[in-house]
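Engineer: Supplied in structure tokens, the structure appears directly below.
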Amino acid sequence: MGHHHKEVDLNDNYTFSPGLKKLSLGLMVGGLLAFIAGAAISGNGTRILADLLHNTIFFTLICLISVFFLAFNYMANAGWSVLVKRVPEAISQALPYMAGMLALLMIYIVLGKRNDIFVWLNIDAIKNEEVRELLEAKSGYLNVPFFIARILVYTGVWSFCAITLRKYSLIEDQQNEGSLKYWKKSTWLSGFFLVFFAVTISTSSWDWLMSIDAKWYSTMFGWYTFVSALVSGISLIMLVIQYLRTQGNLKNVTDEHVHDIGKFMFAFSIFWTYLWYSQYMLISYSNNPEETVYFRQRMDHYEVLFFANLIINFISPLLILMTRGAKRNAKTVIFIGTLIIVGHWVDFYQMVMPGTIGNNWNIGLMEIGLPLFYIGLIINRTFTHLEKAPLVPKNHPYLPESIQHFT
Amino acid sequence: MASKKFILGIFGDEDILLEAVPAIQEKGVKIHDVFTPFPIHGLDTAMGLRESKLHTAGFIFGITGTSIAFGFMTWANTFNWRTNFGGKPFWYVPGYIPITFELTVLMAAAGMVATFLYLCRLAPGVEKIIMDPRQTDDKMVVAIEIDEHSDVAAITVALKTAGAEEVNEKHIDNWYRYKIM
């Protein structure tokens, strides 16, 4: 595409408003206090750890999806996303904090031999001989040193890619116009990241989530967790973009770009349902007791959440986001984006809780407080980094394509 | 009317065409249609066309497929001919999903193709207007219908200033043969 049709103003700088900064800090402090108060009231060590596990994994993966978003757009040579790419870049800068906390938490759990969280940590304590044999057979993978090594590699490499992709993008701004050096470097790094991510998003979900129900396994689990995080991560990107647009930033971002992200939210919600169903259907159909136990427990004791999960994460996006107009409407996408994030938070809750705290679940102060803390942290990191650099990556080779993007 | 006259503006570049279409319309010239060898993103918006109804048709066909498949299996398995399959409930909803999904996709796809052919008046043996043979190769044709009251000179100037490479006239006899267009 040759020339621009309109005069384009590429100056776009965001200032972290004091109000939002206060809100983010307020969420962090308030959330943390609520968590501590809830933990003190409950006094149930398993529930506290499970709550930490649930929220830390969920919000780490949401930030990780921003790196994935950048990487797949580089690898696909996508032009449309250039005008919005500073948003996932900024969100991904929260990843090192989240990943660090996650690694610390996991190391605490496994070194503390907390078999109330991961039953495989203490095989000798299992009375059922069959189960013990099963877990001994898995101990080549599920053992403490290998587990710690894996989490350090996952979080280290993910954070490295997040920081480096951002760094390259900022250096690119300082280069001469037309220099492709850092764009090429970013593309190579994205290729590496995608291969690494493809493997580790599966293995990490086995490690941190599936191994809670260590006797049970599903070949769909890695994909399922990945898409659950993906659709929430894309929704978060959408929410930040919408916020920036209300502040008068991202002037060149049109309904066309919003529409494309809306399509991702819609399509990956359907894909999530497909994986949910595939996992459920195969187990339901073959009807093996050692497999059905996973869903039996969730359907009997987490009934409300089990069906809410499907209604929030499938029926709502399907019906609300179906039309073209809905994907281009700011209010609709903000509503459905929030709903999707809450819905998948519930989805992760069901992955963690039945295997740890058992059948008596309760959403109280600490289950509400901890996500607020992480949301505050992500807001704080994201908008701090949005302030640090112009919102238009002016030397990106596909910038003209993004400016005149039509769907 | 048995015959129709058109003025054709021939364009060679889609970027110029995208700017030309609103520019021509701003001068009060009504564009009959634009013929292009490949889809041009944003042209429908530039021409001010209303949104296609095709997806609404797709939704209706799809929901019909959903209802037929789900309704039939429910009727057959729970009312008409109850059969025990491995101890599953008679109304085994998860087991109905694949067939329901297949029939939804099948009816939506086949229905949308049929609707598309109908909306575009396409069928074997139907003769379509070729305003200029190059519209199937590398040129884009903006067709403007004229009659005895039209200001041909003004339209020609409007097309030329908008960037048309050449401006031709096209006379179509036996318009009734094509009028379903």
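Values in this text are rule-based calculations from the coordinates and carry no lab data. Remember, it's a predicted structure, so these values are computed and weren't measured experimentally. Every residue, glycine among them, receives a Cβ derived from its backbone with ideal geometry; neighbour counts consider all protein chains shown.
Engineer: Over segment B:54-119, what is the mean sequence separation of C-alpha contacts under 8 Å (at least six apart), divided by residue count, expressed as relative contact order in percent? Write out the running numbers ahead of the final one.
Structural biologist: On the way: 57 pairs, mean separation 37.3, N = 66.
Relative contact order for segment B:54-119 comes out at 56 percent.
Engineer: Among B:Phe61, B:Phe72, what is the fewest-to-most ranking by other Cβ atoms within 10 Å? Working shown, then result.
Structural biologist: Numbers: B:Phe61 21, B:Phe72 15.
Fewest-to-most ranking of B:Phe61, B:Phe72: B:Phe72, B:Phe61.
Engineer: Still on this structure, I have one more. Considering amide H positions built from the backbone, and no H for Pro or chain starts, which residues 5 or more places from B:Asp33, or on another chain, come under 5 Å of its amide H?
Structural biologist: For B:Asp33, the qualifying residues are B:Ala143.
Engineer: Can you list, largest first and rounded to whole Å, the semi-axes you get for segment A:146-257 by taking the square root of 5 times each eigenvalue of its Cα gyration tensor? Kindly include the intermediate steps, with their values, before the conclusion.
Structural biologist: On the way: eigenvalues 215, 88, 25 Å².
Over the Cα atoms of segment A:146-257, the ellipsoid semi-axes are 33, 21, 11 Å.
Engineer: Would you mind telling me which residue in A:Asn380, A:Asn252, A:Asn11 has the biggest mean-square fluctuation in a Gaussian network model of chain A, where springs connect alpha carbons within a distance under 10 angstrom?
Structural biologist: Taking springs between Cα atoms under 10 Å, the residue moving most is A:Asn11.
Engineer: Here is a follow-up. Going by the alpha-carbon gyration tensor, a ≥ b ≥ c the square roots of its eigenvalues, is chain B rounded (a/c under 1.5) or, if a/c is not under 1.5, prolate (a/b greater than b/c) versus oblate? Show your work: numbers first, answer last.
Structural biologist: Numbers: a/c = 4.04, a/b = 2.96, b/c = 1.36.
Note, shape of chain B comes out prolate.
Engineer: In Å, what is the Rg of the alpha-carbon atoms in segment B:1-68, and how long is Dmax?
Structural biologist: 17.2, 52
Engineer: Still on this structure, I have one more. How big is segment A:310-388 on each of its three principal axes, counting only the C-alpha atoms and giving the largest first in Å?
Structural biologist: That gives 43, 38, 17 Å along the principal axes, largest extent first.
Engineer: Based on the Cα gyration tensor of segment A:296-352, what are the three equivalent ellipsoid semi-axes, each the root of five times an eigenvalue, rounded to whole Å and given largest first? Show your work: numbers first, answer last.
Structural biologist: Details: eigenvalues 140, 23, 7 Å².
So the three semi-axes of segment A:296-352 are 26, 11, 6 Å.
Engineer: Further question on the same structure: Using only the alpha carbons, work out the radius of gyration and Dmax of chain A in angstrom.
Structural biologist: Spelled out, the Cα radius of gyration and Dmax of chain A are 21.8, 74 Å.
Engineer: Still on this model: For q = 0.12, 0.13, 0.15, 0.23 Å⁻¹, what log10 I(q)/I(0) does segment A:126-204 give under the Debye formula with an equal point scatterer on each alpha carbon and no solvent?
Structural biologist: -0.53, -0.58, -0.67, -1.03
Engineer: Based only on other Cβ atoms within 10 Å, what is the fewest-to-most ordering of A:Asp9, B:Asp13? Don't skip to the answer; put the middle values down first.
Structural biologist: Details: A:Asp9 9, B:Asp13 14.
In order of increasing Cβ crowding within 10 Å: A:Asp9, B:Asp13.
Engineer: Another one. Tell me, what HN-Hα J-couplings in whole Hz come from the Karplus equation 6.51 cos²θ - 1.76 cosθ + 1.60 at θ = phi - 60° for each residue of segment A:240-256, using x for Gly and Pro?
Structural biologist: Going residue by residue, I get 5, 4, 5, 4, 4, 5, 5, 8, x, 8, 6, 5, 8, 6, 10, 4, 5 Hz, with x marking Gly and Pro.
Engineer: Only Cα pairs under 8 Å and at least 6 apart count here; give the relative contact order of chain B as a rounded whole percent. Don't skip to the answer; put the middle values down first.
Structural biologist: On the way: 223 pairs, mean separation 96.7, N = 181.
Averaging sequence separation for qualifying contacts and normalising by length gives 53 percent for chain B.
Engineer: For the protein assembly as shown, what does -39500 (n - 2.57) per DSSP helix run (n ≥ 4), summed and divided by total residues, give at 222 nm, in deg cm²/dmol to the nearest 500? Write out the running numbers ahead of the final one.
Structural biologist: Numbers: 21 runs with 371 residues, N = 588.
Result for the protein assembly as shown, helices only: -21500 deg cm²/dmol.
Engineer: Then there's this: Return one number: the angle in degrees, 0 to 90 and rounded to the nearest 10, between the long axis of the Cα atoms of helix A:18-42 and the longest principal axis of the Cα atoms of chain A.
Structural biologist: Approximately 0 degrees, to the nearest ten.
Engineer: Angle between the Cα long axis of helix B:93-119 and the longest principal axis of chain B, 0 to 90 degrees, nearest 10?
Structural biologist: The angle comes out at about 20 degrees.
Engineer: Follow-up question, since we're still on this one. Rounded to whole Hz and in sequence order, give me ³J(HN,Hα) for segment A:336-348 from the Karplus expression 6.51 cos²θ - 1.76 cosθ + 1.60, θ = phi - 60°, writing x for Gly and Pro.
Structural biologist: For segment A:336-348, the Karplus curve yields 6, x, 5, 4, 5, 5, 4, x, 7, 5, 5, 4, 5 Hz.
Engineer: With the cut-off at 23 Å, tell me which of the pairs B:Lys53/B:Lys160; A:Lys251/B:Lys27; B:Lys30/B:Lys160 have Cα atoms farther apart than that.
Structural biologist: On the way: B:Lys53/B:Lys160 34 Å; A:Lys251/B:Lys27 30 Å; B:Lys30/B:Lys160 16 Å.
Pairs exceeding 23 Å: B:Lys53/B:Lys160; A:Lys251/B:Lys27.
Engineer: Working from Cα positions, state the angle (0 to 90°, nearest 10) between the long axis of helix A:289-301 and the longest principal axis of chain A.
Structural biologist: Relative to chain A, helix A:289-301 is tipped by roughly 70 degrees.
Engineer: Which GluC sites (Glu not before Pro) does segment B:41-139 hold that lie in a coil by DSSP with at most 13 other beta carbons within 10 Å? Intermediate results must be reported in sequence, preceding the final value.
Structural biologist: On the way: sites: B:Glu51, B:Glu102, B:Glu127; in loops: B:Glu51, B:Glu127.
Answer by residue number: B:Glu51, B:Glu127.
Engineer: Hey, another quick one. With +1 on the Cβ of every Lys and Arg and -1 on the Cβ of every Asp and Glu, and nothing else charged, how large is the dipole of the protein assembly as shown about its Cα centre, in debye rounded to the nearest 20?
Structural biologist: In debye, rounded to 20, the protein assembly as shown gives about 980.
Engineer: Something else: Taking every eigenvalue of the Cα gyration tensor of segment A:75-218, multiplying by 5 and rooting it, what semi-axes result, largest first, whole Å? Walk me through the intermediate numbers first.
Structural biologist: Working: eigenvalues 327, 42, 25 Å².
With the √(5λ) rule applied to segment A:75-218, the semi-axes are 40, 14, 11 Å.
Engineer: Could I ask something else about it? Could you tell me how far the Cα centroid of segment A:1-78 sits from the Cα centroid of segment B:1-25, in Å?
Structural biologist: Each part reduced to its Cα centre gives a spacing of 49 Å.
Engineer: Over chain A, with a Gaussian network built from C-alpha contacts below 10 Å, which listed residue (A:Tyr141, A:Tyr349, A:Tyr224) shows the highest mean-square fluctuation?
Structural biologist: Looking only at A:Tyr141, A:Tyr349, A:Tyr224, the biggest GNM fluctuation is shown by A:Tyr141.
Engineer: Continuing with the same structure: What ranking of A:Ile234, A:Ile123 emerges when the number of other C-beta atoms within 10 Å of each C-beta is taken as an exposure proxy, fewest first? Don't skip to the end; give the middle numbers.
Structural biologist: On the way: A:Ile234 26, A:Ile123 19.
Final ranking by Cβ density, sparse to dense: A:Ile123, A:Ile234.
Engineer: When only alpha-carbon atoms count, how far does segment A:180-328 stretch along each of its three principal axes, as whole angstroms with the largest first?
Structural biologist: That gives 56, 38, 22 Å along the principal axes, largest extent first.
Engineer: Moving on to the next point. If the viscosity is 0.692 mPa s and the temperature 37 °C, what Stokes-Einstein diffusion coefficient in µm²/s follows for segment A:39-130 when Rh is the Kirkwood radius over Cα pairs?
Structural biologist: 207 µm²/s
Engineer: Could you compute how fast segment B:54-119 diffuses translationally, taking Rh as the Kirkwood radius over C-alpha pairs and applying Stokes-Einstein at 37 °C with viscosity 0.692 mPa s? Give it in µm² per second.
Structural biologist: On the way: Rh = 12.8 Å.
Result for D is 257 µm²/s.
Engineer: Among A:Asp255, A:Asp300, A:Asp173, which one moves the most in a GNM of chain A with springs linking Cα atoms closer than 10 Å?
Structural biologist: A:Asp300
Engineer: Hey, another quick one. Can you pull a Stokes-Einstein diffusion coefficient for segment A:1-93 at 37 °C (0.692 mPa s), Rh from Kirkwood over Cα pairs, as a whole number of µm²/s? It would help to have the intermediate numbers written out before the result.
Structural biologist: Working: Rh = 17.2 Å.
This corresponds to a translational diffusion coefficient of 191 µm²/s.
Engineer: A follow-up question, please. Using the Karplus curve 6.51 cos²θ - 1.76 cosθ + 1.60 with θ = phi - 60°, what ³J(HN,Hα) values do you get for each residue of segment A:328-333, in whole Hz, with x for Gly and Pro?
Structural biologist: Coupling constants for segment A:328-333: 9, 9, 4, 4, 4, 6 Hz.
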